[in-house]
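Trainee: First the structure, which I've put down as structure tokens, then a few questions once you've had a look.
The values are calculated or read from the model by the stated rules, or taken from the named source; none is laboratory data. What you see is a predicted model; the values in this text were computed from it and never measured. Here the Cβ positions follow ideal geometry from the backbone for every residue, glycine too, while neighbour counts run over all protein chains shown.
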Amino acid sequence: MNTYVAGDMRGAATPPPVPLRNDPAFRALLYQLALLAALLYFGYQFALNAQANLRAQGIGSGFGFLVNSAGFGVNQSLIPYNESDSYGRVFLVGLLNTLLVAGIGIALATLVGFLVGIARLSPNWLLARLAGAYVEIIRNLPLLFQILFWYLAVLGALPSPRQSISLRGGIFLNNRGLILPMPVPGNGAGYVVIALAIGVLATIALASFARRRQARTGRQFPLLGCAFLLVIGLPLATLLATGIPIRLQSPELRGFNFVGGLRLIPEFVALVLALTLYTGAFIAEIVRAGILAVPRGQTEAALALGLRRGLMLRLVVVPQALRVIVPPLTNQYLNLTKNSSLAIAIGYPDLFAVFAGTTLNQTGQAIEIIGITMAVYLAISLVTSAVMNWYNARIGAAERR
Amino acid sequence: MKRILLLCTVTALGACCAMPSQAQTLKAVKDRGSLVCGVSQGLPGFSNPDDRGNWTGLDVDFCRAVAAAVLGDSSKVKFTPLSAKDRFEPLKSGDIDVLSRNTTWTLSRDVSYGNFAGVMYYDGQGFMVRKALKVNSALELNGASVCTQTGTTTELNLADYFRANNMKYEVVAFGTADETVKAYESGRCDVFTTDVSQLYAEKLKLSNPGDHVILPEIISKEPLGPLVRHGDDQWFDVVKWTLFAMLNAEELGISSKNVDDAKKSTQPEIRRLLGVEGNFGEQLGLSKDWVAHIVKQVGNYGEVFDRNVGAGSKLAISRGLNRLWTKGGIQYAPPVR
């Protein structure tokens, strides 16, 4: 409905109706439609041409190759894998390796970022300067350089398996990685897991009860102690009661390397270290900015209300700082995930290396494999931002706008 | 990343213009006045820039031979260094005319990537280990860590060999040869595996070549040869016969030193090869004296082999299988007639 209709009803001199071609709303719609049509046409021609050229070059397409046997080995896999498995399985192995690095990297980078960001604001002169130096050095060096530094200069300099550095408790460190004893669950280990689950569920229920009781009566509940007892104490008691059914399988040096035990390969360690420290430096700056963005008056007001320092931080400063921190933090999470594809430089078998690299080279199905790889990175990124947006909306409610 | 860029270019090209000429490589090369040749990023003996930045090696000299045959000037070659992983796409998309990059001829590559124009070098895959490990045979490698280059037949042969012999191993696969060797040298792996010719070449680059030993086992057939795109038979013939011409020249005793005298020879085979008799060059779409250009400017197969990987080079690899069939090897070229 246009505004001049209302003018019509008010009476007297009726302005001539605006011709459709001069109606701004109609014009806007027309331009949008024209653009959309042009885009669709371009996309259609693009697909048609690509198809014709593929046919002309005799390149077969389709996803049938995914069931063919891959025939090459992969040095880290979270699921059982051997050379006779299919390219589809290789895809899964690569995807899980990417998710592993991204997941651990995001968790550690957040930790490092928050610690360093807070340290930079510390009244302690030395601590603040150290944190500042860390941020300035790390964020200004190329990531690929840092990955190669950790891989070749630091981890590559470790001794060979026969001269391994032996740490306490059956842990060994050498240039093949960090070797840990592997926990092997025995009879009754299931009870411990059940006890842990009960502990966690009971804690959640208790927290909800405590919150409601405090809202009703104002009395606080010693939640932290109870949660500690339930989550740690209960499984520990079960563990002792069932006679400690978990055995540690110690690695032993046999032939070229350690056999048995759990091994973190140096490619993984170098990649996680580099990604964590690099992204952590950026997150530190984001955290610092977020905290500084909370006006000083807020702190003073909270203290004036008689809140203790811890409560003041938790209830007043952090929620407001997080609103500033979360959106750029999401960017850093996405960057870290995508940067993990630099793994190819040091031979870590991530999705990009084993699928968009080796598999593409062996099968020659470039369009399909690049398509799948793009879709996967896009999906991971979209899911990450969806989660972060949800979190942002939740904490954003702290301020009623 | 290079691959994605390339793919985008390919698809973008596909979207806007007709495909780069399918059956016109010979004409395109002549019009351009230069040959674009895909080589390795640095493998001594095969394709490697020397200290003055000139490309040298067996694969490089083959490119020069093609340029000499087509353009009459062996210096009119542009070299495009490619990693093992990214070597095929530029050929398919028309960015290079010939891929002369120690590439193993296999069925699936022949089907998916292009036509192999012959075998430049009969190779096989082997293993290099540190002497300190006191390993004498590849069968003692159970449980070893193996460094290899990703996207190679090496990676597949390795998997087959260890599986066939029921041995465990850990593979660490890198994108380029340099990264692979660096990791082996830093001690990340016990074993470095690739084609034997390449093992000799890489061994020279290690800081203490004497500390390393190449095991006797050859675990695969690796016939290395140049590739051209599918669908251009004329160009395929030109590249194929360039290699045959080099072999035939050696067989007939024509070398870069005596080629001018050889033109005066009365032997019909020599006269045909050098274009004194017949119109064989024209049949290929080349000049009459195409072989004379190749041999004079680049040399016959034997000269090229000796200069780059054989007795006259630092690698000092024996001719072995690569001897002519008349001398106990399997290098054999069909006759020019």
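Trainee: Kindly indicate whether A:G218 is at pLDDT below 85, in contact with a Ser or Thr (Cβ under 9 Å, 6 or more places away or on another chain) and farther than 30 Å from B:L133 by Cα. Before the answer, list the steps.
Mentor: Working: at pLDDT below 85: yes; in contact with a Ser or Thr (Cβ under 9 Å, 6 or more places away or on another chain): no; farther than 30 Å from B:L133 by Cα: yes.
Against the criterion (at pLDDT below 85, in contact with a Ser or Thr (Cβ under 9 Å, 6 or more places away or on another chain) and farther than 30 Å from B:L133 by Cα), A:G218 does not qualify.
Trainee: Let me ask something else about it. For the stretch A:185-288, which helices (runs of 4 or more DSSP H) that fit wholly inside it have 3 or more residues that are more than 33 Å from the chain's Cα centre (by Cα)?
Mentor: On the way: elements: A:189-217, A:223-228, A:234-241.
Once the helices (runs of 4 or more DSSP H) in the stretch A:185-288 are filtered for at least 3 residues that are more than 33 Å from the chain's Cα centre (by Cα), what remains is A:189-217, A:234-241.
Trainee: While we're on this one: Quick test of your reading of the structure: A:L262 fulfils all but one of (1) at pLDDT below 95; (2) touching a helix residue (DSSP H, G or I) at 6+ places or on another chain (Cβ under 7 Å). Name the failing condition by number.
Mentor: The failed condition is (2).
Trainee: Also, quick follow-up: Could you please let me know if A:N75 is within 13 Å of chain B (Cβ to nearest Cβ), out of contact with any Ser or Thr (no Cβ under 9 Å at 6 or more places or on another chain), within 25 Å of A:R176 (Cβ to Cβ) and part of a loop (DSSP other than H, G, I, E, B)?
Mentor: Values: within 13 Å of chain B (Cβ to nearest Cβ): yes; out of contact with any Ser or Thr (no Cβ under 9 Å at 6 or more places or on another chain): no; within 25 Å of A:R176 (Cβ to Cβ): yes; part of a loop (DSSP other than H, G, I, E, B): yes.
The answer is no for A:N75.
Trainee: Could you tell me which residue of the stretch B:69-87 is surrounded by the most Cβ atoms within 10 Å (Cβ to Cβ), considering only residues that are closer than 13 Å to B:S100 by Cβ and under 15 Å from the mean Cα position of the chain (by Cα)?
Mentor: In the first step, residues of the stretch B:69-87 are kept if they are closer than 13 Å to B:S100 by Cβ; the result is B:77-82, B:87.
With the extra rule that they be under 15 Å from the mean Cα position of the chain (by Cα), the set shrinks to B:79-82, B:87.
Working: B:F79: 21, B:T80: 15, B:P81: 15, B:L82: 23, B:R87: 25.
My answer is B:R87.
Trainee: Looking only at the stretch A:337-382, which residues are away from chain B (no Cβ under 11 Å) and among the hydrophobic types (A, V, I, L, M, F, W, C)?
Mentor: Answer for the stretch A:337-382, where residues must be away from chain B (no Cβ under 11 Å) and among the hydrophobic types (A, V, I, L, M, F, W, C): A:L351, A:F355, A:I372, A:A375, A:V376, A:L378, A:A379, A:I380, A:L382.
Trainee: Quick one: A:A205 ticks every box in (1) modelled with pLDDT of 90 or more; (2) in contact with a helix residue (DSSP H, G or I) (Cβ under 9 Å, 6 or more places away or on another chain) bar one, so which box is it?
Mentor: So A:A205 meets the others, but not (2).
Trainee: Have a look at A:A366, A:A301 and point out the one that is surrounded by fewer than 19 Cβ atoms within 10 Å (Cβ to Cβ), farther than 30 Å from A:R176 by Cβ, out of contact with any His (no Cβ under 7 Å at 6 or more places or on another chain) and small (G, A, S).
Mentor: On the way: A:A366 fails: surrounded by fewer than 19 Cβ atoms within 10 Å (Cβ to Cβ).
Only one candidate passes the filter, namely A:A301.
Trainee: Now for a separate question. At pLDDT 95 or above and under 30 Å from B:G143 (Cα atoms): which single residue out of A:V101, A:V74, A:V67, A:V112 fits that description?
Mentor: A:V101
Trainee: Let me ask something additional. Just name the residue that is farthest from the other protein chains (Cβ to nearest Cβ) out of those in the stretch A:262-300 that are charged (D, E, K, R) and within 19 Å of A:L96 (Cα to Cα). Step through it out loud before you land on a result.
Mentor: Within the stretch A:262-300, the subset charged (D, E, K, R) is A:263, A:267, A:285, A:288, A:296, A:300.
Filter once more, so that each one left must be within 19 Å of A:L96 (Cα to Cα): A:263, A:267.
Numbers: A:R263: 9, A:E267: 7 Å.
For the stretch A:262-300, the residue satisfying everything is A:R263.
Trainee: Quick check: is even one residue across the stretch A:44-65 exposed (fewer than 12 other Cβ atoms within 10 Å of the Cβ), in a helix (DSSP H, G or I) and either touching a Cys at 6+ places or on another chain (Cβ under 7 Å) or among the aromatic types (F, W, Y) (or both)?
Mentor: Yes.
Trainee: Right, here's the next one. For the stretch B:244-265, name all the residues that are surrounded by fewer than 23 Cβ atoms within 10 Å (Cβ to Cβ) and within 14 Å of B:A68 (Cβ to Cβ).
Mentor: If the condition is that a residue be surrounded by fewer than 23 Cβ atoms within 10 Å (Cβ to Cβ) and within 14 Å of B:A68 (Cβ to Cβ), then B:S256, B:V259 are the ones that fit.
Trainee: If I filter the stretch A:227-249 for residues that are within 30 Å of B:G187 (Cβ to Cβ), polar (S, T, N, Q) and within 14 Å of chain B (Cβ to nearest Cβ), do I get at least one hit?
Mentor: Here is the first cut: in the stretch A:227-249, the ones within 30 Å of B:G187 (Cβ to Cβ) are A:248-249.
Add one more test, that the residue is polar (S, T, N, Q), and what stays is A:249.
Adding the requirement that they be within 14 Å of chain B (Cβ to nearest Cβ) leaves none.
No, the stretch A:227-249 contains no residue that is within 30 Å of B:G187 (Cβ to Cβ), polar (S, T, N, Q) and within 14 Å of chain B (Cβ to nearest Cβ).
Trainee: Between a residue in the stretch A:240-255 that is over 30 Å from B:E140 (Cα atoms) and any residue that is of a type in the set (S, T, N, Q), which pairs come within a Cβ distance under 6 Å, given they are 6 or more apart or on different chains?
Mentor: Qualifying pairs under 6 Å: A:P245/A:N187.
Trainee: Before we move on, is B:A164 under 28 Å from A:G347 (Cα atoms), in contact (Cβ under 8 Å) with a residue 24 or more places away in the chain and not assigned by TED's automatic domain parsing to the domain that holds B:G231?
Mentor: Numbers: under 28 Å from A:G347 (Cα atoms): yes; in contact (Cβ under 8 Å) with a residue 24 or more places away in the chain: no; not assigned by TED's automatic domain parsing to the domain that holds B:G231: yes.
When the stated conditions are applied, B:A164 does not pass them.
Trainee: Give B:T193, B:T176, B:T153 a once-over and let me know the one that is under 17 Å from A:L148 (Cβ atoms) and touching a residue at least 24 places away in the same chain (Cβ under 8 Å).
Mentor: Details: B:T193 fails: under 17 Å from A:L148 (Cβ atoms); B:T153 fails: under 17 Å from A:L148 (Cβ atoms).
That would be B:T176, the only listed residue that is under 17 Å from A:L148 (Cβ atoms) and touching a residue at least 24 places away in the same chain (Cβ under 8 Å).
Trainee: Taking the options B:V181, B:V239, name whichever one is crowded, with 21+ Cβ neighbours inside 10 Å and over 22 Å from B:A333 (Cβ atoms). Break it down stepwise before answering.
Mentor: On the way: B:V239 fails: over 22 Å from B:A333 (Cβ atoms).
Testing whether each residue is crowded, with 21+ Cβ neighbours inside 10 Å and over 22 Å from B:A333 (Cβ atoms) leaves just B:V181.
Trainee: Which numbered condition trips up A:F172, out of (1) modelled with pLDDT under 90; (2) of a type in the set (F, W, Y); (3) in contact with a helix residue (DSSP H, G or I) (Cβ under 7 Å, 6 or more places away or on another chain)?
Mentor: For A:F172, the exception is condition (3).
Trainee: Can you tell which of A:L360, A:L315, A:L378 is modelled with pLDDT of 90 or more and either outside any helix (DSSP H, G or I) or hydrophobic (A, V, I, L, M, F, W, C) (or both)? If you could, list the steps in order and put the result at the bottom.
Mentor: Details: A:L360 fails: modelled with pLDDT of 90 or more; A:L315 fails: modelled with pLDDT of 90 or more.
None of the others qualify; the one that does is A:L378.
Trainee: Name, by its number, the condition in (1) free of Cβ contacts under 8 Å to residues at least 60 places away in the same chain; (2) within 13 Å of chain B (Cβ to nearest Cβ) that does not hold for A:L33.
Mentor: (2)
Trainee: Can you confirm whether the stretch A:149-162 contains a residue that is among the basic types (K, R) and within 12 Å of chain B (Cβ to nearest Cβ)?
Mentor: Going residue by residue through the stretch A:149-162, those that are among the basic types (K, R) are A:162.
Within this subset, residues satisfying the condition of being within 12 Å of chain B (Cβ to nearest Cβ) are A:162.
Within the stretch A:149-162, one or more residues are among the basic types (K, R) and within 12 Å of chain B (Cβ to nearest Cβ).
Trainee: Same structure, new question: Can you pull out the helices (runs of 4 or more DSSP H) entirely within the stretch B:48-119 that have at least 2 residues that are within 14 Å of chain A (Cβ to nearest Cβ) and in contact with a helix residue (DSSP H, G or I) (Cβ under 6 Å, 6 or more places away or on another chain)?
Mentor: Working: elements: B:58-71, B:88-93, B:107-112.
Answer list for the stretch B:48-119: B:88-93.
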